[in-house]
Amino acid sequence: MMNIEDFFEFREDGAIRIRGHRIDLAHILPYYHDGYSPEMIGLEFPSLPLTTIYAAILYYLSNQAQMEIYLERYLSAAQAAIAAHEAQPRSPFIQQLKALGVATRHDQRL
């Protein structure tokens, strides 16, 4: 008999990944919060079996208080990583392009 935890990989860094995938539980749950059905979530993550998506939702509902903390930490870490990336100086090549008035799509978004 399979336990609900068998669907997940609980990593030493605190991440909860879908076993056999690089998809974190924090990638799936925002869709659930936005009202997506498991079938709709499956369209966003076509490599995940529907049973795995149901397991993710069940795990969340069974551990809601801890999962809310997990999601807050995940979001904070993601925001910190974005801020650190944006704070890095641009390469000399990109700086030269900007000085010439040429910008890449990547830099236009930043």
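Tabulated results
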| quantity | calculated |
| --- | --- |
| Residues with amide H under 5 Å from that of PHE8, placed H, sequence gap 5 or more | ARG19 |
| Debye intensity ratio in log₁₀ form over the Cα atoms of region 1-109, taken at each q of 0.18, 0.19, 0.20 Å⁻¹ | -0.89, -0.95, -1.02 |
| DSSP H segments from the chain that extend 30 Å or more along their own axis, Cα-based, with Kyte-Doolittle mean of -0.5 or above | 64-87 |
| Counted charge near ASP6, where neighbours are those whose Cβ lies closer than 14 Å (Asp, Glu -1; Lys, Arg +1) | 0 |
| Selection from ILE23, GLY42, GLN88 lying farthest towards where the dipole of region 1-95 points positive, charges on Cβ | GLN88 |
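A short reminder: the numbers here are calculations on the coordinates, not readings from a lab. Here the structure is a predicted model, which is why all the values come from computation and not from measurement. Neighbour counts are summed over all protein chains in view; Cβ atoms, including those assigned to glycine, are modelled from backbone coordinates with ideal geometry.
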